[in-house]
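Report on one structure; see the data block that follows.
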Amino acid sequence: MLSVERFRISGRDFWVAVIFDEKIDGLTFSIDGMGYLEERIEAISRFLMRRGVDVNLKPRKSLFTKLIHDVLIGKLTNSEAMKYLSFRGVTPFERKVYEILTKNVKRGSVITYGRLAELAGTSPRAVGGVMRRNPYPIIVPCHRVVSSHDLGFYTPKIEYKKFLLGLEGVEVWTE
């Protein structure tokens, strides 16, 4: 199923789309309107299907969109929200990195790719790939992972990373 909702956050329209069955299989968002959100829904759907997840985009209201909103505004922690994720289509390694990130990097703070790689016992490049493939942005806070010398990258747009970190009060992109 697909649930889409628009919220007003920090003076901007924030569109959230959640693909779900009993739990969240994937999610995406847009601060650039519904047209861009539709592109992101298509991208996350393709990703999930490549990973063997049965995707049904039949519209259905869900409380999962409100859950994303509550994480965004700090009413619910990322760790608390993780129990709503299905982890279908996610490799054991990806899940391990997502869990380490979510449990160790709280709202308002950041971690470098290198430090997260140390915690996960892997390389910064591998961590970057795992972050790029994150089907649960916002709940699994990949926006909190930064380069040792700058903000780093972010899918879909670096402006989104800046927006999310700004919501959390992050003003400096170093640990």
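Meeting the requirement of 3 or more residues that are hydrophobic (A, V, I, L, M, F, W, C), surrounded by fewer than 23 Cβ atoms within 10 Å (Cβ to Cβ) and not assigned by TED's automatic domain parsing to the domain that holds Arg51, the helices (runs of 4 or more DSSP H) wholly within the stretch 82-164 are 113-120.
Against the definition (closer than 23 Å to Phe163 by Cα, crowded, with 19+ Cβ neighbours inside 10 Å and touching a residue at least 12 places away in the same chain (Cβ under 8 Å)), how does Ile41 come out, yes or no? So Ile41 passes the test.
Annotation: of all residues in the stretch 1-46 being closer than 19 Å to Met82 by Cβ and of a type in the set (Phe, Trp, Tyr), the one that is farthest from the chain's Cα centre (by Cα) is Phe20.
Of note, Ser86 does not satisfy the criterion of being among the small types (Gly, Ala, Ser) and modelled with pLDDT under 95.
Please enumerate the residues belonging to the stretch 72-81 that are surrounded by fewer than 18 Cβ atoms within 10 Å (Cβ to Cβ) and assigned to a helix (DSSP H, G or I). Selection gives Ser79, Glu80.
Of the residues examined, Pro141 is not one that is within 20 Å of Glu42 (Cα to Cα) and modelled with pLDDT of 95 or more. Taken over the stretch 27-69, the criterion of being part of a loop (DSSP other than H, G, I, E, B), under 22 Å from Arg107 (Cβ atoms) and not β-branched (Val, Ile, Thr) is satisfied by Leu63 alone. For the stretch 1-26, the set of residues classified as assigned to a strand (DSSP E or B) and of a type in the set (A, V, I, L, M, F, W, C) consists of Leu2, Val4, Phe7, Ile9, Phe14, Trp15, Val16, Ala17, Val18, Ile19, Phe20, Ile24, listed by residue number.
The values are calculated or read from the model by the stated rules, or taken from the named source; none is laboratory data. What you are looking at is a predicted structure, and each value in this text was computed from that prediction instead of being measured. Virtual Cβ from ideal backbone geometry, glycine too; neighbours counted across all protein chains shown.
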